[in-house]
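Structure first, commentary second.
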Amino acid sequence: MDIADQIKQTFIDETEELLGDLEGMLLDLETDPENSGYLDAVFRLMHTIKGSSGMVGEDRIYKFAHMVEDVFDTIRKGKLQFNSEIANMALESRDIILSLIREYTPEIEIKISNVADKIKKLSGEEQILQKADDTENDTKKQAKSKNLKNYRIKFLPDRGIFKRGGNPLLIMNELSAIGTVTIKVIDSSIPELSNISSDICYTGWEIFLTTSLGMNDVKDVFLFVESESLVEITDIGHYSGEEDEIAKVGEILIDRGVIDPKALKSEIDNRKKIGEVLVEKHIVSETELESALTEQEHLKKVQQKTFSGQSIRISTERVDAFVDLIGELVTLQAQFNQYALDSGNYELTNITEALQRLTEELRDSVLGIRMIPLGQSFGLFRRLVRDLSTELGKKIQFMTEGEETELDKTVIDKMKEPLVHIIRNSIDHGIETPDVRKANGKDETGIIKLSAQHSGGQVLITVEDDGKGINRNTIRETAIKKGLIKPDTQLTDDAVYALIFKSGFSTAEKVSQVSGRGVGMDVVRKEIDNLQGNVYITSEEGKNTKIVISLPLTLAIIDGLLIRVENDYYILPLPCVEACIDKNDTERKKESGREIIKYRDSILPFMSLRKILNYTNTPPEREQIVVVNSDNTKYGLVVDQVIGDYQTVIKNLGKVFSGLKYFSGATIMGDGRIALIINVNSFMKETEK
């Protein structure tokens, strides 16, 4: 990939991230249209998208973004009132820009034209549509400028900025978006801790900015705060990248008028650093020296062309390749451990144990690279709830919790569609219309809550609504009509709710854009099964429905329980295992054709892995039962031997073995043999037969 392609890809990645933030901020603004902080944030995001598109020569995006940005500038100036019509236009514009950066099609031009007509109608000012063309040439000239400009900015916000919803850190972020910045905090006004009030801003900032943009563009960043705050912006010269352009501390102090050139010259031959000498002689203060040194360091940073940051962008392909290599290393480590154990060499065993610790640390670090907060995905569903609730005439408040919970990016990507199905069902089947809710003594606005939390080695994702709940009899009657169960079949609540995940099951009385086609929840179940996860439903009719999904943290390397049947080995995902008991020590009997045992004061069905997999030899005298949990239902799995915990590197079975319904993958053991990874959900279905 050449440099032009790299720049283009960086632009696409960053713009997609900005568009995600823009969608969330627009939804916040629609909820609270009087919040100036939300409005300012929307304006800044659109401003950044416009500027970056102009920098990389994406003229179509630049013109369109500029047009939308000017609408929000008009709102910000009080000439236009934000409303749902503008929100719809802005969200549509966001979708158009996303389409433009991904794949341009001629149909997009029609959408752009429609939005332009809407903007003209909303604003009543044709100059909004023309302003982008009028300023395009100036922006391109700035973008192509070879010489960078340096600015010294003194920013002292008024003490009441927090009370008005202002956030000075957002200004710092916008400055960072247009160039390289170095920030020094002015903390001389901070009182003692006992006198501090949380709603008062005591600090100021001295900011050093290097950018290709002009003075007016830098001033625009402070448009929202300049009337109440002290903002001093000084142009301290151009910078073309030459090392000799970095000013010395003495020159900076002279330029600021802090010292006289003669006073500097009299101390220039002193062996101490000039800054220290000037402070000792009380020619300059320590604060003034620190500020000058900060400016000098900023110029050095620009000269080195090093943009420091706490994160870097890495393609998912590279991360996946890295994880695959770690998987191979873990497999090799297992083989090494086996060799050391067989050799009986004490020193070699010590070395392998040390190497194993390092391998495990490296494994955890690498897997951590793919772990991202679920909050990045949760925001996607806000738009879904908004649009669908409007379409169905329902009032819904969407809430999220546990956004900081981390999960493997691969798992998150595969869970997006299942969660869309679940949330759509909650909106369509769960939440009632405002008149029905009011008649039932409920608030007209329903609540859908999406939450996540860690539970052991898994993540629990919960979708809960306060709607009408699930009618157990309706589910049962529908299942009988479709031939899924017999009329005389007795089922627990969990078993009844599990019918919802059957293929073709639907209680919708008519087909609509949202539901009634008999597809959806079976897709959810299938995808969760593929991810080695579980899903179960709880509901209280007339009050709520809760769908809980448990997922492994990662699909690359898992902790498993190694078991044996005859000479073959199998892996059970450890989070699904609840206990191991001796079969010979349990009291067994048959009920409804199934073998059951008494386990912790309850009845536990069990089945033989040997029988299901068609082993014909006589089982050993002593067998063991592994108690596993699937979809909130426990059952026992009889095996010849439970060997113990096993770090499992998952290998795909491939198309040739895709028909092995009981297995989701395989792993290579230390002695080179293959162990199949059991899909506990598939075995659970056997107990239902």
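Residue 122 fulfils the conditions (1) surrounded by 11 or more Cβ atoms within 10 Å (Cβ to Cβ); (2) at pLDDT 85 or above; (3) of a type outside the set (S, T, N, Q) except for a single criterion, (2). Taking the condition of being outside any strand (DSSP E or B) and buried (at least 18 other Cβ atoms within 10 Å of the Cβ), how many residues in the stretch 595-616 meet it? Number of matching residues: 2.
Pairs meeting the criteria (first residue in the stretch 191-209 and in contact (Cβ under 8 Å) with a residue 60 or more places away in the chain, second residue of a type in the set (Ser, Thr, Tyr) and not in a loop (DSSP other than H, G, I, E, B), beta carbons under 6 Å, at least 6 apart or on different chains) are 206/291; 208/182. Flag: residue 37 matches the condition of being touching a Gly at 6+ places or on another chain (Cβ under 8 Å), within 23 Å of residue 217 (Cβ to Cβ) and not in a loop (DSSP other than H, G, I, E, B). Counting only strands (runs of 3 or more DSSP E) that sit wholly inside the stretch 617-689, those with at least 3 residues that are at pLDDT below 85 and not charged (D, E, K, R) are 641-649, 663-668.
Annotation note: Cβ proximity below 6 Å between a residue of the stretch 396-414 that is outside the structural domain of residue 323 (by TED's automatic domain parsing) and a residue that is in a helix (DSSP H, G or I) (sequence gap 6+ or interchain) occurs for 396/385; 396/389; 398/382; 398/385; 400/378; 403/375; 403/378; 412/377.
Listed by first and then second residue, the pairs linking a residue in the stretch 532-552 that is in the same structural domain as residue 431 (by TED's automatic domain parsing) to a residue that is surrounded by 16 or more Cβ atoms within 10 Å (Cβ to Cβ) and of a type in the set (Phe, Trp, Tyr), with Cβ atoms under 7 Å apart and 6 or more places separating them unless they lie on different chains, are 537/497; 539/497; 548/536.
Before we move on, is residue 72 touching a residue at least 12 places away in the same chain (Cβ under 8 Å), assigned to a loop (DSSP other than H, G, I, E, B) and out of contact with any strand residue (DSSP E or B) (no Cβ under 6 Å at 6 or more places or on another chain)? So residue 72 fails the test.
Restricting attention to the stretch 345-376, the residues being among the charged types (D, E, K, R) and more than 25 Å from residue 461 (Cβ to Cβ) number 5. Against the numbered list (1) in contact with a helix residue (DSSP H, G or I) (Cβ under 7 Å, 6 or more places away or on another chain); (2) modelled with pLDDT of 85 or more; (3) closer than 26 Å to residue 222 by Cβ, residue 53 comes up short only at (2). Where strands (runs of 3 or more DSSP E) fall entirely within the stretch 395-472, those with at least 1 residues that are under 15 Å from residue 548 (Cα atoms) are at 395-401, 445-455, 458-465.
Inspection of the stretch 37-49 finds no residue satisfying the criterion of being surrounded by 15 or more Cβ atoms within 10 Å (Cβ to Cβ), polar (S, T, N, Q) and more than 19 Å from residue 102 (Cα to Cα).
Residue 114 meets all of the listed conditions (1) over 20 Å from residue 79 (Cα atoms); (2) surrounded by 18 or more Cβ atoms within 10 Å (Cβ to Cβ); (3) at pLDDT 50 or above; (4) not assigned by TED's automatic domain parsing to the domain that holds residue 287 but one, namely (2). Scanning the stretch 297-336 for residues that are modelled with pLDDT under 70, part of a helix (DSSP H, G or I) and surrounded by fewer than 16 Cβ atoms within 10 Å (Cβ to Cβ) yields a single hit, 300. Only residues that are in a loop (DSSP other than H, G, I, E, B) and either closer than 19 Å to residue 51 by Cα or assigned by TED's automatic domain parsing to the domain that holds residue 40 (or both): list them for the stretch 187-234, please. Passing the criteria: 212, 213, 214, 221, 222, 223, 224. If we keep just the residues of the stretch 1-36 that are within 24 Å of the chain's Cα centre (by Cα) and among the small types (Gly, Ala, Ser), which is nearest to residue 101 (Cα to Cα)? Among them, the one singled out is 20.
The values are calculated or read from the model by the stated rules, or taken from the named source; none is laboratory data. Keep in mind it's a predicted model, so treat the numbers as computed, not measured. Please note: Cβ atoms are built from the backbone with ideal geometry, for glycine as well, and neighbour counts cover all protein chains shown.
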